[in-house]
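Asker: Would you mind keeping the following structure in view while I ask a few things?
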Amino acid sequence: MQQKVALITGITGQDGAYLSEFLLKKGYIVHGLKRRSSLFNTDRIDHLYQDPHTQHRNLILHYGDLTDSTNLIRVIQETQPDEIYNLAAQSHVKVSFDTPEYTANADGVGVLRIMEAVRLLGLVEKTKIYQASTSELYGLVQAVPQSETTPFYPRSPYAVAKMYAYWITVNYREAYGMFACNGILFNHESPVRGETFVTRKITRAAAKIALGLQDKLFLGNLSAQRDWGHAKDYVEAMWLMLQQEKPEDFVIATGVTTSVRDFVRLSFAELGIEIEFSGKGVAEKGVIIDRDQDRMKELGINADHIKLGQTVVKVDAAYFRPTEVDLLVGDPNKAKSRLNWQPKYGLDELVSEMVQADLQLMRKDAYLKAGGFDTLNYFE
Ligand code: NDP
Ligand code: GDR
């Protein structure tokens with residue numbers, strides 16, 4: 001049987017990395033679109049990299065950008081994909097308030113560029129398209145849990161751009177008969193989650209604080225509630241959507257919601273550190289009230305770094321968003337019954353995996369620091 005060909009935009013991102021691994025294991029040839037950057041940006045997929053001099057490569061990277069239609073047309077023409085997974089986006093909600101026009105261009109019009117490329121190249125019958133839609137579309141809470149029929153009310157330039165992307169996907173499906181699906185994915189995380197998203201910011205900081213490499217963690221809205229799943233589970237759902245007879249849109253979520261505050265508690269608890277929150281608004285703080293010395297010993301953490309009564313979490317209003325999404329909790333029943341999809345990870349396993357991975361990473365930093373190798377400065 002001929003190998004299937006997939007094109008992944010955003011292959012260097014969290015989901016791109018998990019999806020590449022998933023599709024390569026299924027025997028696909030995977031093409032990925034990566035941006036040119038002044039530093040290497042392929043960390044997350046370096047373990048899958050194949051030397052360009054290898055004869056039969058299954059992973060091939062192409063330079064490109066969602067804001068460049070001629071580039072997209074050329075890459076799609078050259079690769080003739082059976083499946084396109086459009087994961088590329090300026091994906092940070094807070095940053096979208098600083099770069100609204102760019103976000104609209106990449107996250108909104110970028111999707112149109114892909115749809116048009118497929119249509120103009122005569123690939124409508126051949127190429128199936130997955131569009132990375134988001135629970136941010138629900139925005140201001142209308143109803144919970146949120147399902148495929150819950151109305152949208154986007155609350156950021158990111159979400160508004162993704163709303164255009166959602167509808168242009170539906171429109172091309174209806175107008176031209178394209179096999180195009182929206183996966184309305186709720187937040188999903190992993191040890192390779194970008195460091196500025198709240199979960200990874202918390203797990204990194206918890207690990208650093210435990211090792212005595214950092215004093216405090218500054219966060220924004222601690223009361224926001226999110227439905228957090230694992231990226232590994234969610235990329236499987238993307239693939240399943242494109243294996244259906246008919247193109248449809250699906251919510252992918254766990255159905256469980258947790259506050260940022262509780263995510264902090266769980267992350268520190270994984271390291272044997274108990275945090276209590278007190279105060280309100282910008283005055284709220286998280287203080288260490290207990291430590292489990294046996295757990296710390298088991299993890300090789302020096303309990304002397306952990307002082308009872310120490311404030312380790314503070315609120316910084318700089319992280320507040322001009323308009324916030326307070327509560328997200330998804331209803332994954334359609335995906336469960338139609339795609340036979342089920343998340344394998346619960347929140348506890350997700351937190352544990354992320355914290356343990358960051359502990360290992362930060363321990364490496366600690367060794368470098370102890371050995372005097374943390375201060376390479378080329379500019380003296
Ligand atoms: P990441 O931010 O980790 O990755 C985004 C990817 O898009 C990176 O490869 C990035 O490249 C690339 N990219 C950004 N701008 C452009 C552009 N203009 N042209 C080409 N590539 C670009 O996001 P995730 O992996 O977490 O998310 C994947 C997709 O799913 C995104 O579209 C996101 O909006 C959406 N989504 C994510 C959810 C989540 O919880 N993770 C939930 C719902 C939707 P580089 O590495 O060079 O920056
Ligand atoms: P989100 O993820 O905006 O839901 O978008 P993020 O982790 O950035 O924020 C989640 C919630 O935590 C609150 N928060 C903070 N957020 C960040 N980043 N930094 C902080 O210090 C902080 N303190 C509190 C936020 O206000 C928010 O309420 C993610 C992205 O992956 C999108 O691309 C995707 O579409 C959605 O998830 C679903």
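Asker: Please work out if Leu350 is outside the structural domain of Tyr138 (by the TED database), within 16 Å of ligand 1 (Cβ to nearest atom) and touching an Asp or Glu at 6+ places or on another chain (Cβ under 8 Å).
Answerer: Working: outside the structural domain of Tyr138 (by the TED database): yes; within 16 Å of ligand 1 (Cβ to nearest atom): yes; touching an Asp or Glu at 6+ places or on another chain (Cβ under 8 Å): yes.
Spelling it out, Leu350 is indeed outside the structural domain of Tyr138 (by the TED database), within 16 Å of ligand 1 (Cβ to nearest atom) and touching an Asp or Glu at 6+ places or on another chain (Cβ under 8 Å).
Asker: Let me ask something else about it. Do we have Ala159 as touching a Leu at 6+ places or on another chain (Cβ under 7 Å) and not assigned by the TED database to the domain that holds Pro81 here? Even if it seems obvious, please write down each step before you answer.
Answerer: Details: touching a Leu at 6+ places or on another chain (Cβ under 7 Å): yes; not assigned by the TED database to the domain that holds Pro81: no.
Judged against the criteria, Ala159 is not a match.
Asker: Looking only at the stretch 83-101, decide whether some residue is without any contact (Cβ under 8 Å) to a residue 12 or more places away in the chain, more than 16 Å from ligand 2 (Cβ to nearest atom) and not in a loop (DSSP other than H, G, I, E, B).
Answerer: yes
Asker: If I filter the stretch 112-144 down to residues being crowded, with 20+ Cβ neighbours inside 10 Å and part of a loop (DSSP other than H, G, I, E, B), which single residue comes out as farthest from ligand 2 (Cβ to nearest atom)?
Answerer: So the residue we want is Thr127.
Asker: Kindly indicate whether Tyr166 is within 13 Å of ligand 2 (Cβ to nearest atom) and more than 21 Å from Thr12 (Cβ to Cβ).
Answerer: Details: within 13 Å of ligand 2 (Cβ to nearest atom): yes; more than 21 Å from Thr12 (Cβ to Cβ): yes.
The answer is yes for Tyr166.
Asker: For the stretch 45-59, does any single residue satisfy the condition of being out of contact with any Pro (no Cβ under 8 Å at 6 or more places or on another chain) and crowded, with 21+ Cβ neighbours inside 10 Å?
Answerer: Start the filter on the stretch 45-59 by keeping residues that are out of contact with any Pro (no Cβ under 8 Å at 6 or more places or on another chain), which leaves 45-59.
Next, only the ones that are crowded, with 21+ Cβ neighbours inside 10 Å stay: 45.
Within the stretch 45-59, one or more residues are out of contact with any Pro (no Cβ under 8 Å at 6 or more places or on another chain) and crowded, with 21+ Cβ neighbours inside 10 Å.
The values are calculated or read from the model by the stated rules, or taken from the named source; none is laboratory data. All values derive from a computational prediction rather than experimental measurement. Neighbour counts run over all protein chains shown; Cβ positions are idealised from the backbone, glycine included.
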